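Report on the following structure.
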Amino acid sequence: MLAETTGLAAAVQWLLDRQAPDGWWAGELETNATMTAEHVLLCRFLGLDLAPIRAGVIRHLLRTQRDDGSWALYADGPADLSTTIEAYVALKVLGLDPASAPLARARRMILQQGGLARARVFTKIWLALFGEYPWAGIPSMPPELVYLPPRVPLNLYDFACWARGTIAPLLIVLTRQPRRPLGVTTRELIVPGTERQLERVPGQGIFWWADKLLKVYDRLPWQPGRARARRQLVDWIIARQEADGSWGGIQPPWVYSLIALHLEGLPLDHPVLQRGIQGLERFALSDDTGWRLQACMSPVWDTAWALLALRRAGLGQDHPALRRAVDWLLAEQITGGGDWQVRCRARECGGWAFEFDNDLYPDVDDTAVVALALYEAAPWSRVGAAIERARRWLLAMRSSNGAWAAFDRDNCSRLVYQLPFADFGAMTDPPSEDVTAHVLEMLAALGYAPAHPLVAPALRYLCRTQTAWGAWFGRWGVNYLYGTWCVVTALARLRTGRRQVARALRWLLTVQNADGGWGETCYSYEDPSFAGRGRSTPSQTAWAVLTLQNAGLGAHPACRRGLTYLRERQVDGTWDEPEYTGTGFPRDFYINYHLYRHIFPTLALAQDNQAAPGRPARALQEVR
């Protein structure tokens with residue numbers, strides 16, 4: 001029996017060895033080459049010195065380039081034109097010889113895919129900032145949008161918080177239309193014959209005509225109210241800078257806010273810009289693989305899941321590591337306001353955010369998981385007040401359909417997707433199956449029953465959203481394996497949904513791989529027929545195993561094969577996982593959470609260990 005449980009002991013020790021002295025965990029949040037490439041372009045636009053990072057960035061970008069010359073959005077994903085363009089331009093700016101083999105291969109790939117004319121809007125904007133793309137081909141949006149109250153369509157709060165924080169500074173950039181020297185040319189990326197397409201804004205209907213009219217207005221010498229609108233946007237942006245200098249703790253609103261404020265006259269030594277520029281250093285990583293920028297960081301999320309894994313592995317509530325983690329999470333609870341209050345009546349927050357300092361944007365998903373972790377890892381006398389504040393805030397954030405979204409209530413506008421500007425990413429934040437399931441799991445721990453008036457509508461939502469083949473969509477994790485794990489766990493905790501769970505389990509058993517594991521490629525967001533299909537990964541195998549365990553099938557042969565897969569692939573206490581199993585924006589932005597490969601397999605091994613009487617003490621006897 002000890003041979004089976006040694007893997008758990010090693011996994012627990014691996015986690016304990018990597019806890020920060022303050023009590024938190026945070027793994028690298030790996031995305032794609034655009035984060036690093038755009039940082040190069042930001043530095044060039046602001047006139048910042050690239051010499052300190054030049055060699056490291058070149059090493060990183062060349063390491064992540066594929067043999068065909070392209071860069072992708074995720075490991076083994078298809079070539080992504082815009083990502084390849086941005087990486088190519090960044091390497092030219094850094095001085096790589098255009099005739100070198102890496103740039104020659106990239107250039108061929110870019111031209112084969114249609115060149116600059118086929119790039120996404122955000123890539124075109126980056127090039128337009130340097131006069132390498134015509135502003136006439138960039139969709140227009142008026143800064144006067146800042147005047148619209150929340151009840152009027154297309155106001156800033158119709159957009160998801162991440163889109164809102166990006167669009168607000170872009171309203172300034174799009175009207176200022178700057179052109180600063182890039183130092184290199186990109187004309188070789190234009191496919192001959194597509195030159196006229198560069199000045200065309202895609203789309204049709206009323207918003208296409210509105211774009212035409214806005215471009216005419218932008219050229220008029222007299223624009224009443226525009227200067228005041230930009231000043232109001234500056235105030236809006238500055239008011240939302242976080243303590244660490246970021247905006248929302250994520251790269252897109254951060255970099256565009258720096259650009260917009262600089263265009264409006266703030267010098268680089270202004271305290272707001274200084275904090276913003278210096279804060280980016282905290283998100284940078286440098287090692288023998290190169291220098292790269294993380295899109296964001298995930299300490300609260302990572303710490304909550306690590307805490308649950310360690311607790312279920314058998315560590316007592318009085319263990320020093322658990323006590324430090326609990327203390328840190330309690331100190332991170334947010335009591336102040338934020339954009340969430342625009343459509344939520346609650347005055348008190350009580351939530352948690354994803355990162356160290358993005359306190360203006362607490363999110364429902366983190367709050368539910370943190371509250372559940374605190375509930376399991378510490379006595380009620382110590383954490384009860386914090387959990388109660390979280391519970392009240394979560395219930396206040398419920399959308400009108402009875403389900404929960406990540407950051408806002410009823411952020412479901414479809415109108416924003418009609419804008420020519422909206423060709424990339426999720427523009428809104430509607431309720432999702434996985435977030436709703438995490439809230440229900442937390443409420444179940446607090447004693448809520450399926451018939452409770454705050455629970456029943458959410459259960460009906462989950463019944464409606466189950467797919468024909470039995471799975472649930474995963475908004476924040478890849479994809480149907482993640483969503484199904486979340487929902488089945490919630491239904492099992494509530495002791496309801498027997499028919500729905502049975503359908504989900506039947507599907508899950510049909511997609512197990514021959515090696516005993518489970519896997520799903522990010523391509524399932526493009527084509528649902530790929531649901532549950534892909535090379536086995538530790539994190540996705542763990543989600544499937546946890547699904548079976550939580551549904552009472554821990555002894556099922558499929559579950560045992562999944563556990564064997566995890567045990568056999570553990571190396572030095574942890575697991576390797578190059579695949580991306582986290583989701584930022586379906587179809588457009590994916591994440592490789594470097595702790596997912598460890599925390600969720602540890603959780604699956606821990607729950608298997610719990611199922612056998614007498615195992616916990618024996619499994620953890622080697623843990624310091």
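By the count of neighbouring beta-carbon atoms within 10 Å, fewest first, LYS215, LYS124, LYS92 end up ordered LYS215, LYS92, LYS124. Once C-alpha pairs closer than 8 Å and six or more residues apart are averaged by separation and normalised to the residue number of the chain, the relative contact order reads 17 percent.
Could you state the angle between the C-alpha long axis of helix 456-465 and the longest principal axis of the C-alpha atoms of the chain, as a value from 0 to 90 degrees rounded to the nearest 10? Taking Cα atoms only, the helix is inclined about 70 degrees.
Counting Lys and Arg as +1 and Asp and Glu as -1 over every other residue whose Cβ lies under 15 Å from the Cβ of CYS43, the net charge comes to +1. Among residues other than ILE58 with Cβ under 13 Å from its Cβ, the summed charge is +4 (Lys and Arg +1, Asp and Glu -1). In straight-distance terms, cross-link reach from LYS212 covers every one of the aspartates and glutamates whose alpha-carbon lies under 15 Å from its own, apart from those fewer than eight places away in the same chain; here that gives GLU199.
How tilted is helix 101-112 with respect to the longest principal axis of the chain? Cα atoms for both, answer in degrees (0 to 90, nearest 10). Between the helix axis and the principal axis of the chain, the angle is about 80 degrees. The distance linking the range 274-310 with the range 182-246 is 31 Å (Cα centroid to Cα centroid, whole angstrom). Counting Lys and Arg as +1 and Asp and Glu as -1, what is the net charge of the other residues whose Cβ lies under 13 Å from the Cβ of GLU199? Neighbour charge sum, excluding GLU199 itself: +3. Counting beta carbons within 10 Å around each of HIS39, HIS319, HIS598, HIS262 and listing the fewest first gives the order HIS319, HIS262, HIS39, HIS598. Amide H contacts of ASP363: TRP352, ALA353, PHE354, each under 5 Å away and 5 or more positions distant or on a separate chain (H built 1.01 Å from N in the peptide plane; Pro and chain starts excluded). Helical content of the chain, expressed as a calculated mean residue ellipticity at 222 nm, amounts to -15000 deg cm²/dmol (DSSP H runs of 4 or more residues, -39,500 (n - 2.57) each, divided by residue number, nearest 500). Here LYS92 is the anchor, and the lysines within straight C-alpha reach of less than 25 Å, apart from those fewer than 8 places off in the same chain, are LYS124. Dipole magnitude for the range 252-366: computed about the Cα centre from +1 point charges on Lys and Arg Cβ and -1 point charges on Asp and Glu Cβ, it is near 320 debye.
By other beta-carbon atoms within 10 Å, ranking TYR596, TYR580 with the fewest at the front produces TYR580, TYR596.
The range 115-149 and the range 513-557 have their alpha-carbon centroids 40 Å apart.
Just to be sure I follow the definition: excluding the sites themselves, where is the longest run in the chain that has none of the GluC sites (Glu not before Pro) in a DSSP loop with at most 13 other Cβ atoms within 10 Å? Result, exposed sites excluded: 1-347.
Please work out, to two decimal places, the log10 of the ratio I(q)/I(0) at q = 0.12, 0.27, 0.30 Å⁻¹ from a Debye calculation in which every Cα of the range 334-387 carries one identical scatterer. Reported log10 I(q)/I(0), two decimals: -0.28, -1.07, -1.17.
Read-outs throughout are calculated quantities, based only on the coordinates presented, and are distinct from any laboratory measurement. All of these numbers come straight from a predicted model, not from anything done at the bench. Positions of Cβ are generated from backbone atoms using ideal geometry, with glycine treated the same way; all protein chains shown enter the neighbour counts.
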